[in-house]
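> There's a structure below that I have some questions on.
FYI, it's all coordinate maths here, none of it is from the lab. Since the model is a prediction, treat every value here as computed from it, not as a measurement. Glycine gets a Cβ as well: all are built from the backbone with ideal geometry, and neighbour counts include every protein chain shown.
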Amino acid sequence: MADDRSLIGLAGKVALVTGGGAGIGLATARLLAEAGMTLVVAEIDPARCADARTALGGGHLVIEADVRTAAEVERVFAAIRDTHGRLDVVVNNVGDFLRMHAPFEETTEEQWDQLYRVLLHHVFLVTRAAIPLLRAGGGGSLINMSTIEAFRGIPNLAVYAAFKAALTGFTQSLAVELGKDNIRVNAIAPETTNSAQVVATPRVPEANRDYIGRWFPIGRFGEGEDSAGAVLYLASDRLSGWVTGTTIHVDGGALAAGAWARLPDDKGWTHLPIIVADGYTPPATD
Ligand SMILES: NC(=O)c1ccc[n+]([C@@H]2O[C@H](COP(=O)([O-])OP(=O)(O)OC[C@H]3O[C@@H](n4cnc5c(N)ncnc54)[C@H](O)[C@@H]3O)[C@@H](O)[C@H]2O)c1
């Protein structure tokens, strides 16, 4: 009988994960390594590089690099070419709302530029560098980390949502362009997931705790492993070889629920807003 690794068919293949030193990226790097892949992690933060080295163990490459700049991306790809000579899977995971949580009219052009570079520009740089290597190996899988906010609005994060929505167009069009090369292009759209930048569960005050069960049909926030599982599926030609140009919503059912929320103790459903403030801030008292 086939073991789990041969079933998934990723053993011995090489994956690049950007921002693989924390959060969803680290969980993804760990799972792909568990599936037998050789990992290359590009991570800007030296302490998180050390975390990734410890988590992955020997045989993997962790490179301190800022993937927003072409020269740094080229340095990462030179290392991949020199060390492995091949690349099979790319996870464009880096993304940050850079604490820019503000009404749109108060945001600045400088902030838009910063968000563009971290959310979209680096995806273009990494993807452009990766295509020749993927093609040379007979194909591969490109996976872009989007967000549920690319598919459903969120107040005070309109520019973040705009660039993430742009990833949908990039994913779809590139999938059409690269299908002939057996390169699949897909995206993952998580809802609120505990990570380094999003510390969700501990921030919810005691008085708001039952909101979590109402927030998501599967009554909890996401964890890095939830998105990592979707990456594993999309990485594997064996599992998802005919899946391209699409997005998997890893959201505990939140998008499907729309405004429908379960009342506490399973006493029915509501279509009324029930989250006060942002869900994290204690409700105002008189
Ligand atoms: N956590 C969530 O709730 C959530 C929800 C939806 C989408 N996402 C998306 O998932 C992805 C990962 O998010 P996360 O919450 O795990 O983030 P995180 O901040 O916890 O981890 C991202 C990692 O990327 C690294 N990094 C940042 N800028 C970099 C750069 N320029 N070059 C190299 N490395 C860099 C950081 O140091 C960090 O280790 C992002 O694209 C984010 O937009 C996250």
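> Regarding the stretch 1-79, what are the three Cα extents along the principal axes, ordered largest first, in Å?
Sorted from largest, the Cα extents of the stretch 1-79 read 46, 23, 20 Å.
> Turning to a different aspect of this structure: Of the options 85, 280, 249, report the single residue whose Cα projects farthest towards the positive end of the charge dipole of the chain (beta-carbon charges: Lys, Arg +1; Asp, Glu -1).
With unit charges placed on the Cβ atoms, the residue in question is 85.
> Debye calculation, C-alpha points only, no solvent: report log10 I(q)/I(0) for the stretch 33-99 at q = 0.11, 0.14, 0.26 Å⁻¹, in the same order as the q values.
Scattering profile of the stretch 33-99, log10 relative to I(0): -0.27, -0.43, -1.39.
> At q = 0.18, 0.29 Å⁻¹, work out log10 I(q)/I(0) for the stretch 226-272 with the Debye formula, treating every Cα as an identical point scatterer and leaving solvent out; two decimals please.
-0.67, -1.08
> Rounded to a whole number of µm²/s, how large is the Stokes-Einstein D of the chain at 10 °C and 1.306 mPa s, given Rh as the Kirkwood radius over C-alpha pairs?
Stokes-Einstein gives a translational diffusion coefficient of 80 µm²/s.
> Now, a different point. What's the local net charge at residue 58, with K and R +1, D and E -1, over the other residues with C-beta under 15 Å away?
Neighbourhood net charge equals +1.
> Now for a separate question. Per the helix-only calculation at 222 nm, which mean residue ellipticity applies to the chain, given -39500 (n - 2.57) for every DSSP H run of n ≥ 4 and division by its residues, nearest 500 deg cm²/dmol?
Value at 222 nm, helices only: -11500 deg cm²/dmol.
> Starting from the Cα of residue 13, draw a straight line to each of the lysines and keep only those under 30 Å, dropping any in the same chain fewer than 8 residues away.
Straight-distance partners of residue 13: 164, 180.
> Could you give each residue of the stretch 205-213 its phi-based ³J(HN,Hα) in whole Hz, using Karplus coefficients 6.51, -1.76, 1.60 with θ = phi - 60°, and x for Gly or Pro?
Going residue by residue, I get x, 3, 5, 9, 4, 6, 4, 4, x Hz, with x marking Gly and Pro.
> A further question follows. Per residue of the stretch 108-114, what does 6.51 cos²θ - 1.76 cosθ + 1.60 with θ = phi - 60° give for ³J(HN,Hα)? Whole Hz please, x for Gly and Pro, Karplus curve as stated.
10, 4, 4, 5, 4, 5, 4
> Consider all pairwise Cα distances in the stretch 12-147 and report the whole-number % of them above 25 Å.
So the portion of pairs separated by more than 25 Å is 24 percent.
> What nm value, rounded to one decimal, do you get for the distance between residue 104 and residue 6 when each label is placed 7 Å out toward the C-beta?
Computed distance between label sites residue 104 and residue 6 equals 5.4 nm.
> How high is the relative contact order of the stretch 94-175, given as a whole-number percent (alpha carbon pairs under 8 Å, six or more residues apart)?
39 percent
> So how much slack lies between residue 257 and residue 242, counting 0.36 nm per residue of separation and subtracting their Cα-Cα distance, in nm?
Gain in length upon complete extension: 2.6 nm.
> Further question on the same structure: Any idea what the relative contact order of the chain is, in percent, if you count C-alpha pairs under 8 Å spaced at least 6 apart?
18 percent.
> For labels at residue 207 and residue 173 in the simple 7 Å Cα→Cβ model, what's the distance in nm?
It works out to 4.8 nm between the two label points.
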